[in-house]
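Q: What follows is a structure written as structure tokens; I'll ask about it next.
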Amino acid sequence: MDHFAYRNGVLHCEEVPIPAIAEAAGTPVYVYASATLERHYRVLAEALAGLKPQIHFALKANASLGVIATLARLGAGADVVSGGELRLALAAGVPARLIVFSGVGKTDDELRMAIATGIYQINVESEPELDRIAQLARDLGRRAPVALRVNPDIDAGTHVKITTGTKENKFGIEWARAPAIARRAKALAGIEFVGLAVHIGSQLTSLAPFEAAFLRLRDLVALLKGEGIEVRRLDLGGGLGVPYEPAKNETPPLPADYGTMIRRTLGDLDLDLSFEPGRLLVGNAGILVSRVIRVKEGATKSFLILDAGMNDLMRPALYDAYHDIRPVLEPRPGAPRRAIDVVGPICETSDTFARQRLLPALAEGDLVAIGTAGAYGASMASEYNGRPLVPEVLVRGGDYALTRPRPSLDEMLARQMRPRWLDEPGP
Ligand code: LLP
């Protein structure tokens, strides 16, 4: 369910016509619907009701201050993976006591910042990291709340580049070593051992791998309990998939079924449960609006050249991901469609949003909307090819706000500095 629909032949976000935003902010531009964010948050919160849940939005999926603040107002915490994200979560109004710090390589500076801020939990990825956190916490005169992120060696059945829970992956503590490291965490000065965490991958389209991982976690809780080590919290990560390809009738698991499965597998343990959803909350809440620069007839096929490129939305180039593409002006019913490659202006062939996509006739200057772009879209954007970072707009009902303006070329240039010796006489 999203809030992007045609009204009187024009695509709207909630009650705002997309051409009005394109006019005001220019293109390409990301547009987010507050109503979708709120709806997805509520659906997940209801699905988990009764489980003592805390939802920590994974900022990596969408780092827009307006989006994070919208979710924070509903009660969401944050899952952060860097000092930058920690700072952003706090600035967006997420209380420190609702912030989890994940990530496979945290620097001393980042760890100090997290410990000093008094966050909810640091998810530890290795024994050396545990020792370092203990040292840093002692130096600060604090105890760091720590959960062990374990690697359950379970294949999430998703794209290989976003699989994180098999033993070949860099993530998590090796399963067999987890009990020994938990014992150590329990005993270390500077560490408050609070629980276990698991995250096996992203864009999961089946509940079975989740269930397998959670059952392993359950065994580990029992094993530790047998040794007198109490586990108070479980962090079950993120990973729930969203539908990207409408025509395919994709059916990723419903949050309600996810909740039922968790009640069945872990409910009786009566532990505090944390969740780190990213894509589920924001994926369908955003589109990337772009203008057609040119229609080009090649030797064997035609190209629709957009003003958005792979630097603005990397997912098709990086994961061959499918994103829906539709004209902002609704095609008349029965309008002929033809197969066309939808590409960006960037100088490499991976800058392709879709191959041989069936689209109605589009001309220079027409607007298109690339769908399900709210997750891992703007947050992964870059300035490759000298292109300004794509701006973001947040809509609420009939109102909208530019939450990140497009930098001017002067601003982009002003961030660079000329090395002093290049102003001295040359060789
Ligand atoms: N927790 C941890 C520890 C994670 O590594 C991730 C995602 C999440 C939570 C949130 O997962 P989600 O609920 O969004 O699936 N750039 C890729 C996705 C990378 C996911 C990285 N980790 C993409 O565009 O598909």
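Q: From the list L223, L304, L234, L269, pick out the single residue that is assigned by TED's automatic domain parsing to the domain that holds K161, among the aliphatic types (A, V, I, L, M) and open to solvent by less than 10 Å² (accessible area, probe 1.4 Å).
A: Selected residue: L234, the only one of L223, L304, L234, L269 that is assigned by TED's automatic domain parsing to the domain that holds K161, among the aliphatic types (A, V, I, L, M) and open to solvent by less than 10 Å² (accessible area, probe 1.4 Å).
Q: Okay, moving on. Please list, ordered by first then second residue, the pairs with beta carbon atoms under 7 Å, 6 or more apart or interchain, first in region 304-333 and over 24 Å from E23 (Cα atoms) and within 11 Å of the ligand (Cβ to nearest atom), second aromatic (F, W, Y) and open to solvent by 20 Å² or more (accessible area, probe 1.4 Å).
A: R315/Y376
Q: Here is a further query. Is it true that some residue in region 44-62 is within 21 Å of G371 (Cβ to Cβ) and either surrounded by fewer than 21 Cβ atoms within 10 Å (Cβ to Cβ) or assigned by TED's automatic domain parsing to the domain that holds T403 (or both)?
A: No, region 44-62 contains no residue that is within 21 Å of G371 (Cβ to Cβ) and either surrounded by fewer than 21 Cβ atoms within 10 Å (Cβ to Cβ) or assigned by TED's automatic domain parsing to the domain that holds T403 (or both).
Q: Next question, about the same structure. What do you reckon, is D153 of a type outside the set (S, T, N, Q), free of Cβ contacts under 8 Å to residues at least 24 places away in the same chain and in the same structural domain as A213 (by TED's automatic domain parsing)?
A: The answer is yes for D153.
Q: If the Cβ limit is 6 Å and pairs must be 6+ apart or interchain, which residue in region 36-53 that is of a type in the set (V, I, T) pairs with which residue that is assigned to a helix (DSSP H, G or I)?
A: If the second residue must be assigned to a helix (DSSP H, G or I), the pairs left are T36/N284; T36/A285; V43/P255.
Q: Just one of T372, T349, T403 is modelled with pLDDT under 95 and touching a strand residue (DSSP E or B) at 6+ places or on another chain (Cβ under 9 Å); which is it? Can you show your working first?
A: Working: T372 fails: modelled with pLDDT under 95; T403 fails: modelled with pLDDT under 95.
Every option except T349 fails the conditions.
Q: Search region 184-197 for residues being of a type in the set (A, V, I, L, M) and more than 9 Å from the ligand (Cβ to nearest atom), and hand back the single one that is surrounded by the most Cβ atoms within 10 Å (Cβ to Cβ).
A: Checking each candidate, the answer is L196.
Q: Filter region 326-383 for residues that are basic (K, R) and closer than 23 Å to N284 by Cα; which is most open to solvent (accessible area, probe 1.4 Å)?
A: Among those residues, the one meeting the criterion is R355.
Q: Can you name the number of the only condition in (1) free of Cβ contacts under 8 Å to residues at least 12 places away in the same chain; (2) surrounded by 21 or more Cβ atoms within 10 Å (Cβ to Cβ) that A299 fails?
A: Evaluating A299 over (1) free of Cβ contacts under 8 Å to residues at least 12 places away in the same chain; (2) surrounded by 21 or more Cβ atoms within 10 Å (Cβ to Cβ) leaves (2) as the failure.
Q: Take region 139-162 and flag every residue that is surrounded by fewer than 22 Cβ atoms within 10 Å (Cβ to Cβ) and within 11 Å of the ligand (Cβ to nearest atom).
A: T158, H159, K161, I162
Q: May I pose another question? For region 63-73, which positions are within 16 Å of the ligand (Cβ to nearest atom) and open to solvent by 20 Å² or more (accessible area, probe 1.4 Å)? Working first, answer last.
A: Residues of region 63-73 that are within 16 Å of the ligand (Cβ to nearest atom), as a first pass: 63-64, 67-68, 71.
Listed by number, the list holds a single entry, A63.
Q: Consider region 227-265. How many of its residues are under 22 Å from the mean Cα position of the chain (by Cα) and either more than 21 Å from F57 (Cα to Cα) or assigned to a loop (DSSP other than H, G, I, E, B) (or both)?
A: Residues that pass the stated criteria total 15.
The values are calculated or read from the model by the stated rules, or taken from the named source; none is laboratory data. These numbers come from a predicted model, not from an experiment. A quick note on method: Cβ atoms are made from the backbone with ideal geometry, for glycine too, and the neighbour counts reach across all protein chains shown. Heads up: the accessible areas ignore ligands, DNA and RNA and are worked out on the full protein's heavy atoms, side chains in. Shrake-Rupley method; radii C 1.70, N 1.55, O 1.52, S 1.80 Å.
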